[in-house]
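Right, one structure below, let's go through it.
The values are calculated or read from the model by the stated rules, or taken from the named source; none is laboratory data. Everything numeric in this text was worked out from a predicted model, so none of it was measured. Ideal geometry is used to build each Cβ from the backbone, glycine not excepted, and the neighbour counts take in all protein chains shown.
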């Protein structure tokens with residue numbers, strides 16, 4: 001093509017303020033350069049950090065990310081999947097809202113590249129990025145036992161969510177490893193929200209034999225439990241010890257500072273983005289699962305005879 005003509009066209013476009021239409025340009029391709037990140041709750045700092053990791057890895061690979069918030073509602077998730085299919089998005093990263101992950105199955109059936117994060121769909125061959133929930137929960141519960149607590153409760157998420165069941169399994173494993181009985185009355189399922197942690201803690205305190213420690217399988221659950229203990233004048237960690245899971249930014253700032261299982265949320269997002277880019281580049285390769293390690297941050301809320309501060 002004549003370079004003089006090309007330059008004239010470019011100058012005319014600049015003079016008119018013309019911007020190329022990305023949708024029209026992508027009609028020549030089978031898909032756009034957009035990814036959907038479908039998560040359960042953007043208000044949860046866990047997902048905020050994870051999505052930042054997704055974006056930071058997606059942009060250098062030539063992709064932009066559209067954020068979709070489901071509020072753990074399968075119908076909303078289905079609507080976002082409909083939109084991803086209609087807009088021919090290049091790929092989807094999703095934390096499934098319900099059991100069975102039917103909308104993940106729809107994406108797979110439509111041959112849309114997809115990576116599941118945080119939750120493990122049963123019976124689906126799909127790229128997945130997780131943390132070692134069971135081992136992290138086991139470490140937190142073992143720490144409470146080793147700190148001298150005898151009757152340890154567990155507040156975990158919905159029984160239909162793999163993250164919640166894995167953390168509850170880690171709690172049980174720690175009790176069994178230390179020769180402690182598992183009392184189902186001390187296990188409470190709730191959604192991963194602060195108010196649910198508060199209500200679960202209130203129910204545990206109402207037991208005839210109430211617990212002297214609690215492992216909360218999410219830091220917002222732990223925050224709700226701590227607020228309940230404070231409202232009822234229960235000293236933490238003196239009378240009830242507390243450990244959480246997530247290590248959100250405020251966990252070290254509250255009093256008492258919260259013992260918690262730290263998980264690499266930003267790296268989880270980056271790993272998911274890299275896995276999705278690899279799936280787009282090589283659609284036929286076998287699915288893979290990446291499991292990231294956790295570590296326990298021991299702070300005042302669980303150290304009975306240490307520097308614990310009364311709640």
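Quick look at the numbers
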| read-out | value |
| --- | --- |
| Selected residue (criterion: nearest to residue 161 (Cα to Cα)) from residues of region 88-101 that are in contact (Cβ under 8 Å) with a residue 24 or more places away in the chain and surrounded by fewer than 17 Cβ atoms within 10 Å (Cβ to Cβ) | 99 |
| Condition check for residue 167: modelled with pLDDT under 95, touching a helix residue (DSSP H, G or I) at 6+ places or on another chain (Cβ under 7 Å), part of a helix (DSSP H, G or I) and closer than 22 Å to residue 261 by Cα | no |
| Residue in region 126-137 that is more than 30 Å from residue 186 (Cβ to Cβ) and at pLDDT below 95 present | no |
| Residue under evaluation residue 111, criteria (1) within 19 Å of residue 163 (Cα to Cα); (2) surrounded by fewer than 18 Cβ atoms within 10 Å (Cβ to Cβ); (3) touching a residue at least 60 places away in the same chain (Cβ under 8 Å), criterion not met | (1) |
| Filter pass, residue 264 being more than 20 Å from the chain's Cα centre (by Cα) and modelled with pLDDT of 95 or more | no |
| Filter result (surrounded by fewer than 24 Cβ atoms within 10 Å (Cβ to Cβ) and in a loop (DSSP other than H, G, I, E, B)) within region 195-228 | 206, 207, 208, 209, 210, 211, 212 |
| Residues of region 196-232 satisfying the condition of being touching a residue at least 60 places away in the same chain (Cβ under 8 Å), in contact with a strand residue (DSSP E or B) (Cβ under 6 Å, 6 or more places away or on another chain) and farther than 17 Å from residue 250 by Cβ | 211, 213, 214, 215, 217 |
| Some residue of region 144-151 being crowded, with 20+ Cβ neighbours inside 10 Å, in contact (Cβ under 8 Å) with a residue 40 or more places away in the chain and part of a helix (DSSP H, G or I) | yes |
| Answer residue from region 172-194, given it is in a helix (DSSP H, G or I), in contact (Cβ under 8 Å) with a residue 24 or more places away in the chain and over 18 Å from the mean Cα position of the chain (by Cα) and is surrounded by the fewest Cβ atoms within 10 Å (Cβ to Cβ) among those | 177 |
| Residue under evaluation residue 302, criteria (1) over 21 Å from the mean Cα position of the chain (by Cα); (2) without any contact (Cβ under 8 Å) to a residue 60 or more places away in the chain, criterion not met | (2) |
